[in-house]
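Student: Can you keep this structure in mind? I'll have questions shortly.
The values are calculated or read from the model by the stated rules, or taken from the named source; none is laboratory data. Quantities reported herein were computed from a predicted structural model and do not represent experimental measurements. A quick note on method: Cβ atoms are made from the backbone with ideal geometry, for glycine too, and the neighbour counts reach across all protein chains shown.
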Amino acid sequence: MAEKRETQQKKAIELLINNTKNFFTAEDIHRKLMKENPNIGIATVYRFLKEFQKERGVHAFTCGRKRLYSKRGMSHCHFVCEICETKRHINMDRIDFLGKFIDDDLCHFQIEISGICKGCKSRVR
């Protein structure tokens, strides 16, 4: 197995990720890094995130067509209205009820719930 090179760019990416509290994209990280290091490429950020995800250093989610990352094992849950297509974040930290269906260790989860929002429901009546 090849030994990984520890470069200044990788150190800068990891430091920035470790100091980020919320969800972020590769583009967010790249944009912030470019201020200090204009030579860092977006491909370097993507490669680092892919490897860091395998090492469980970050967790990945899909939101719309974007890949989001989180340093912490946060949940990523949405309610989407089937009529107006409004998407709203749901704060859901626990899914204990799934324990009876899943015998594995969970680190994070992503749920998208579809339905009809209150606004659309009141207009339909």
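Student: With H108, H89 as the choices, which residue is in contact with a His (Cβ under 9 Å, 6 or more places away or on another chain), assigned to a loop (DSSP other than H, G, I, E, B), within 28 Å of F48 (Cβ to Cβ) and outside the structural domain of N22 (by TED's automatic domain parsing)?
Tutor: Details: H89 fails: assigned to a loop (DSSP other than H, G, I, E, B).
On inspection, the qualifying residue turns out to be H108.
Student: Now a separate question. Determine which single condition F61 fails, assuming it passes every other condition in (1) buried (at least 16 other Cβ atoms within 10 Å of the Cβ); (2) in a helix (DSSP H, G or I); (3) not aliphatic (A, V, I, L, M).
Tutor: Failing condition for F61: (2).
Student: Next question. How many residues, within the range 93-118, are in contact with a helix residue (DSSP H, G or I) (Cβ under 9 Å, 6 or more places away or on another chain) and of a type in the set (D, E)?
Tutor: 0
Student: Answer yes or no as to whether H30 is surrounded by 12 or more Cβ atoms within 10 Å (Cβ to Cβ) and in contact with a His (Cβ under 8 Å, 6 or more places away or on another chain). Write out each step before concluding.
Tutor: Values: surrounded by 12 or more Cβ atoms within 10 Å (Cβ to Cβ): yes; in contact with a His (Cβ under 8 Å, 6 or more places away or on another chain): no.
Here the answer is no, as H30 does not meet what is asked.
Student: Still on this structure, I have one more. Quick check, is H59 under 15 Å from the mean Cα position of the chain (by Cα), assigned by TED's automatic domain parsing to the domain that holds H108 and under 19 Å from Q110 (Cβ atoms)?
Tutor: Working: under 15 Å from the mean Cα position of the chain (by Cα): yes; assigned by TED's automatic domain parsing to the domain that holds H108: no; under 19 Å from Q110 (Cβ atoms): yes.
Judged against the criteria, H59 is not a match.
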